[in-house]
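Notes follow the structure.
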Amino acid sequence: MSAAWKSALSKNLQELRLLVSTTSPGSKGLREFVENSYIELKKSNPLFPILVREKTDVDATVIARYEYGVEQAVRVEGMDQGQVAKAVQGLAEQESSSS
């Protein structure tokens with residue numbers, strides 16, 4: 001995972017929520033992303049809230065909250081770990097559209 005965008009996580013976002021199924025094969029890429037990247041992201045952004053929500057019947061989704069409560073969700077169901085990382089990177093590099 002490229003290190004360049006990690007600082008943009010706390011720069012552009014207020015919060016990152018990861019909705020992941022504990023059993024669904026479609027959530028495998030997001031589960032692997034959490035297992036392999038969570039610690040690295042928290043080290044780069046120790047005060048930034050990264051919330052992992054596990055549930056049995058949920059589509060794998062990444063939700064970014066920007067300033068003024070603006071949220072954007074990206075469905076990552078069926079994506080592999082690399083594709084999930086690109087989706088998170090895209091959300092981190094994007095600025096809120098209502099500022």
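Couple of notes before you dig in:
- Taking 0.36 nm per residue of separation and subtracting the current Cα-Cα distance, fully stretching the chain between E15 and K86 would add 23.8 nm.
- With both labels modelled 7 Å from their Cα along Cα-to-Cβ, the E95 to V52 distance reads 3.2 nm.
- Carbon and sulfur %, accessible surface of the chain computed with the full protein complex present, 1.4 Å: 47
- Reported label for calculated Rg and Dmax of the Cα atoms in Å given (i) 13.4, 43; (ii) 31.2, 102; (iii) 12.6, 38: (iii)
- Looking at the chain, the accessible area is 56 square angstrom per residue; that uses a 1.4 Å probe and ignores ligands, DNA and RNA.
- The order of the peptides 19-28, 46-55 by mean Cβ neighbours within 10 Å, most packed first, is 19-28, 46-55.
- Rounded to the nearest 20 debye, the dipole magnitude of the chain is 200 debye, with +1 charges on Lys and Arg beta carbons, -1 on Asp and Glu beta carbons, and the Cα centre as origin.
- Relative to the Cα centre, the charge distribution of segment 33-76, modelled as +1 at Lys and Arg Cβ and -1 at Asp and Glu Cβ, gives a dipole magnitude of about 120 debye.
- Per-pair calculated FRET efficiency, R0 = 25 Å: V74 and T22 via Cβ, rounded to 0.05: 0.80
The values are calculated or read from the model by the stated rules, or taken from the named source; none is laboratory data. Bear in mind the structure is a predicted one, so any value in this text is a computation, not a measurement. Here Cβ is always computed from backbone atoms with ideal geometry, including for glycine, and neighbour counts include all displayed protein chains. Ligands, DNA and RNA are stripped out before the accessible areas are found, and what is left, the full protein with its side chains, is counted by its heavy atoms. Shrake-Rupley method; radii C 1.70, N 1.55, O 1.52, S 1.80 Å.
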